[in-house]
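**Student:** Below is one structure. I have some questions about it.
The values are calculated or read from the model by the stated rules, or taken from the named source; none is laboratory data. Since the structure is predicted, the reported quantities are computational estimates derived from the model, not experimental observations. Counting neighbours? That spans all protein chains shown, and the Cβs are built from the backbone with ideal geometry, glycine included. Each accessible area value is taken on the protein alone, full model and side chains, heavy atoms only, with ligands, DNA and RNA left out. Shrake-Rupley method; radii C 1.70, N 1.55, O 1.52, S 1.80 Å.
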Amino acid sequence: MRISTQVVVVGAGPAGLSLANLLRRADVDCVVVERQGRSHVEGRQRAGVLDYAGTRVFEEWGLADALLAGMPADRMLEIRVDGEPHFLDVPALSDGRAGRIIPQQVLVARLIDIFVKGGGDLRFDADEVALHGLDGARPKVTYRGPDGAVHEIACDYVAGCDGYHGVSRTSVPAEAMTVFSYDHGIGWFTVLADVPPPRHPLLAVSSHGFAAQFPRGPAASRFYLECAPDEALDEWSDERIWTQLRLRLGDEALPAGPIGERTVVEMRSFVVDPMRYGRLFLVGDAAHIITPMGGKGMNLAVADANVLAHALRAAVHDGDEDRLAAYSATCLRKVWSHQEFSRWLTEMTHEAGNAALAGTFRRELARARLGRLFTSDAAARAFADLMAG
Ligand code: FAS
């Protein structure tokens, strides 16, 4: 196994795999080390939409045809208020900037396939990953392989793409980073069910509480139900799930279906600044967590990977480290813009329904914001611009 490379990528999620594929296109040598096995990584179902900006990244690097083949354009969004449907045609409102509906696990599996078939070095089941010498000229990454042996890879740069619970961010001295975090005080009980997907991604505002239904492939839906942040899973029987979904979505005919996954997502946001320490660069969830509202988590991971791939190409091939120096500030501009959008959308769609959340005055403010979205072309275009990424 190679013991030296230019970039070690820690983590094979959307961030790590996007970066690894872009680096190969940039003729920058890299090795990817991933804690889990391939089937686990390819089976993890989360996001469902690649926004327009994300599709542009893969088009620019010549990967879009292979990655997005067969995936439909993400067009209409339905926002249903007390059962009343309102449709926003995002591409029409944003000069044709359409995203793609693609389940995250499909994107990840295709990224793995392209990377490995292209001869990429991707090491699964890498245990006890540790980063060393990040503030020196030649950092190292060690891990225990499936063979039980400890392997060491020397490199020029490390990309920490190992998510919120990974080892990369925690390898940085606490005083070297500022952490920003926010608890939205809302929980989402989410299920993945074999129920035909909605015609359009659906957000539902109701006095019974917020709910949503998103497509996750041709025969599955991801549902969200607003709940208390600390709600226990066993408080949600199947009967309560389907009753509440029919009530909040205003859809008495919603069919029930086998539930494959159920979890409570705590709506919280998190950002570290800078997204770099010495020769370590944090990418995606390793550097920031955003609520699923607005569907930007996976898209920010792809955006960060794009910025870092360009910067590493300049550093490795031209000795120009300016882009690396600007990496964190460049990414954080988009991160904070999306954090603001996600918070605005969360507030509007939750407070407009549930006066218990922030009081009747804030409910009327939220309803006024919603109303503007449906009556003002300028407000709708501003919304679509952010949805397009
Ligand atoms: P990931 O967490 O996806 O990947 C990190 C990888 O690193 C994993 O493969 C992990 O196994 C590996 N790893 C961890 N520790 C390691 C170690 N020590 N050594 C080596 N490898 C290690 N985003 C959206 O855009 N739209 C949505 O609708 C949406 N819905 C979501 C729903 C849910 C329930 C959840 C939980 C998230 C959702 N997200 C959504 C956000 C989500 O998709 C993330 O933003 C996205 O996975 C981020 O990708 P990565 O940064 O690659 O991190």
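**Student:** For segment 304-333, name all the residues that are within 16 Å of the ligand (Cβ to nearest atom) and under 23 Å from Asp156 (Cβ atoms). Steps first, answer last, please.
**Tutor:** The first filter runs over segment 304-333 and keeps only residues within 16 Å of the ligand (Cβ to nearest atom), leaving 304-309, 327-328, 331-332.
Result: Asp304, Ala305, Asn306, Val307, Leu308, Ala309, Tyr327, Ser328, Cys331.
**Student:** Does Ala305 meet the test of being surrounded by fewer than 23 Cβ atoms within 10 Å (Cβ to Cβ), part of a helix (DSSP H, G or I) and hydrophobic (A, V, I, L, M, F, W, C)?
**Tutor:** Numbers: surrounded by fewer than 23 Cβ atoms within 10 Å (Cβ to Cβ): no; part of a helix (DSSP H, G or I): yes; hydrophobic (A, V, I, L, M, F, W, C): yes.
So Ala305 does not fit the description; no.
**Student:** Check segment 282-291 and report whether any residue there is assigned to a strand (DSSP E or B), open to solvent by less than 40 Å² (accessible area, probe 1.4 Å) and at pLDDT below 95. Full working, then the answer.
**Tutor:** Here is the first cut: in segment 282-291, the residues assigned to a strand (DSSP E or B) are 282, 288-289.
Going one step further and asking which of them are open to solvent by less than 40 Å² (accessible area, probe 1.4 Å), we end up with 282, 288-289.
Adding the requirement that they be at pLDDT below 95 leaves none.
No: segment 282-291 contains no residue that is assigned to a strand (DSSP E or B), open to solvent by less than 40 Å² (accessible area, probe 1.4 Å) and at pLDDT below 95.
**Student:** Follow-up. For segment 58-72, state whether one or more residues are touching a helix residue (DSSP H, G or I) at 6+ places or on another chain (Cβ under 6 Å), assigned by TED's automatic domain parsing to the domain that holds Val116 and within 10 Å of the ligand (Cβ to nearest atom).
**Tutor:** Scanning segment 58-72 turns up no residue that is touching a helix residue (DSSP H, G or I) at 6+ places or on another chain (Cβ under 6 Å), assigned by TED's automatic domain parsing to the domain that holds Val116 and within 10 Å of the ligand (Cβ to nearest atom).
**Student:** Given (1) open to solvent by 50 Å² or more (accessible area, probe 1.4 Å); (2) under 27 Å from Leu50 (Cα atoms); (3) not β-branched (Val, Ile, Thr), where does Asp238 come up short, assuming only one miss?
**Tutor:** Condition (2) is where Asp238 drops out.
**Student:** Being of a type in the set (D, E, K, R), under 25 Å from Met71 (Cβ atoms) and part of a loop (DSSP other than H, G, I, E, B) narrows it down to one residue among Arg46, Arg24, Arg35; which is it?
**Tutor:** Values: Arg24 fails: part of a loop (DSSP other than H, G, I, E, B); Arg35 fails: under 25 Å from Met71 (Cβ atoms).
Step by step, each of Arg46, Arg24, Arg35 is checked, and only Arg46 is of a type in the set (D, E, K, R), under 25 Å from Met71 (Cβ atoms) and part of a loop (DSSP other than H, G, I, E, B).
**Student:** Continuing with the same structure: Answer yes or no: is there a residue in segment 294-301 that is more than 12 Å from the ligand (Cβ to nearest atom), farther than 19 Å from Ala356 by Cβ and within 17 Å of the chain's Cα centre (by Cα). Can you show your working first?
**Tutor:** Going residue by residue through segment 294-301, those that are more than 12 Å from the ligand (Cβ to nearest atom) are none.
Within segment 294-301 (the criterion being more than 12 Å from the ligand (Cβ to nearest atom), farther than 19 Å from Ala356 by Cβ and within 17 Å of the chain's Cα centre (by Cα)), the answer is no, since none of the residues qualifies.
**Student:** Kindly indicate the residue of segment 48-67 that is touching a Phe, Trp or Tyr at 6+ places or on another chain (Cβ under 7 Å) and closer than 22 Å to Gly118 by Cα and also surrounded by the most Cβ atoms within 10 Å (Cβ to Cβ) among those meeting that condition. I'd like the intermediate steps shown before the answer.
**Tutor:** Our first condition is that a residue be touching a Phe, Trp or Tyr at 6+ places or on another chain (Cβ under 7 Å); within segment 48-67, this holds for 48, 64, 67.
Now restrict to residues that are closer than 22 Å to Gly118 by Cα: 64, 67.
Working: Ala64: 18, Leu67: 23.
Looking at the filtered set, the residue picked out is Leu67.
**Student:** Go through segment 330-362 residue by residue and tally those that are under 29 Å from Arg276 (Cβ atoms), touching a strand residue (DSSP E or B) at 6+ places or on another chain (Cβ under 9 Å) and open to solvent by 30 Å² or more (accessible area, probe 1.4 Å).
**Tutor:** So the answer is 2.
**Student:** I'd like to check something: does segment 264-278 contain any residue that is modelled with pLDDT of 95 or more, in a loop (DSSP other than H, G, I, E, B) and within 11 Å of the ligand (Cβ to nearest atom)? Let's see the steps before the verdict.
**Tutor:** Of all residues in segment 264-278, those modelled with pLDDT of 95 or more come to 269-278.
With in a loop (DSSP other than H, G, I, E, B) added as a condition, the list becomes 274-275, 278.
Remaining after also requiring within 11 Å of the ligand (Cβ to nearest atom): none.
No, segment 264-278 contains no residue that is modelled with pLDDT of 95 or more, in a loop (DSSP other than H, G, I, E, B) and within 11 Å of the ligand (Cβ to nearest atom).
**Student:** Another one. If you go through segment 139-168, how many residues are in contact with a Phe, Trp or Tyr (Cβ under 9 Å, 6 or more places away or on another chain), of a type in the set (A, V, I, L, M) and within 24 Å of Gly284 (Cβ to Cβ)?
**Tutor:** 3
**Student:** Within the group Gly284, Gly294, Gly389, Gly278, which residue is under 19 Å from Ala204 (Cα atoms) and small (Gly, Ala, Ser)?
**Tutor:** Values: Gly284 fails: under 19 Å from Ala204 (Cα atoms); Gly389 fails: under 19 Å from Ala204 (Cα atoms); Gly278 fails: under 19 Å from Ala204 (Cα atoms).
The unique qualifying residue is Gly294.
**Student:** For segment 304-312, state whether one or more residues are under 30 Å from Ser221 (Cα atoms) and out of contact with any Ser or Thr (no Cβ under 7 Å at 6 or more places or on another chain). Break it down into steps so the answer makes sense when it comes.
**Tutor:** First, pick out the residues of segment 304-312 that are under 30 Å from Ser221 (Cα atoms): 304-306.
Narrowing the set further to residues that are out of contact with any Ser or Thr (no Cβ under 7 Å at 6 or more places or on another chain) leaves 304, 306.
Yes, segment 304-312 has at least one match.
**Student:** Being closer than 25 Å to Val49 by Cβ, of a type in the set (A, V, I, L, M, F, W, C) and over 21 Å from the mean Cα position of the chain (by Cα) is true for just one of Val90, Val81. Which residue is that?
**Tutor:** The match here is Val81.
Table: residues versus (1) touching a helix residue (DSSP H, G or I) at 6+ places or on another chain (Cβ under 8 Å); (2) within 13 Å of the ligand (Cβ to nearest atom); (3) farther than 30 Å from Ser328 by Cα.
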position: Thr178; (1), (2), (3): no, no, no
position: Tyr182; (1), (2), (3): yes, no, no
position: Ala193; (1), (2), (3): no, no, yes
position: Arg199; (1), (2), (3): no, no, yes
position: Leu203; (1), (2), (3): yes, yes, yes
position: Gly209; (1), (2), (3): yes, no, yes
position: Pro215; (1), (2), (3): no, yes, yes
position: Pro218; (1), (2), (3): no, no, yes
position: Ser221; (1), (2), (3): no, yes, yes
